[in-house]
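The values are calculated or read from the model by the stated rules, or taken from the named source; none is laboratory data. Values in this document were obtained by computation on a predicted structure and should not be read as measured data. Quick reminder, even Gly has a Cβ in these numbers, built from the backbone with ideal geometry, and neighbours come from all protein chains shown. These accessible areas exclude ligands, DNA and RNA; they are computed on the full protein's heavy atoms, side chains included. Shrake-Rupley method; radii C 1.70, N 1.55, O 1.52, S 1.80 Å.
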Amino acid sequence: ARTPATDGSSIVYHAGGDLYVFDVATRTSRKLAIEYNSQRTQRQRRFVQVPKYLETADLDSKGERTVLNIRGQIHLMRHWDGPVSSHVGHGNRYRLARFLADGRVITVVDKDNGDERLEIWDSEDYTASPVPMQTEDEIAALDQWGRFTLVEPSPKENRLAFANHRNELWTLDLSTGAA
């Protein structure tokens, strides 16, 4: 409960964006139903300024597509045809998206519980697959990798180099999951 105010017989407070009234005599609390109609100008669709929120951009090896990270979302743009396709994660934030040598997209996913994982996306239909791991020890190594600060895929092989917040440099074989 935040910012309580009273008139002597009841207490009004807000919690979680809603207003409540607590009746002192009956010791009960109820949510107040308030309808607020905003101005139409506040409900109009707005577009964010991409240069202000652009996090990363990467060009594929053929120069035909670009993958962009804008405000935690992945946007894939073909240069010569088709619309921009977007992937918005519900409760997840995507960072450091890069093209792999085979044309797929690898990205760091900040899960809503605070964990970070690498995911590989098929750049045609946005189906995700986690990076393959062989053993429980290698899966536990994900937690030892720390917070990703830089991701650099190999232009020829199915390998990845990345740096973390502890200034460590790691290499990862994406076909086996060995780090």
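Summary of computed values
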quantity	calculated
Members of the range 19-68 found to be modelled with pLDDT of 80 or more and of a type in the set (A, V, I, L, M), listed by number	Leu19, Val21, Val24, Ala25, Leu32, Ala33, Ile34, Leu54, Ala57, Leu59, Val67, Leu68
Residue match in the range 30-42 (condition: farther than 30 Å from Asn158 by Cα, open to solvent by less than 60 Å² (accessible area, probe 1.4 Å) and more than 31 Å from the chain's Cα centre (by Cα))	yes
Unique residue being open to solvent by 60 Å² or more (accessible area, probe 1.4 Å), at pLDDT 80 or above and under 22 Å from Thr149 (Cβ atoms) when the list is Arg95, Arg71	Arg71
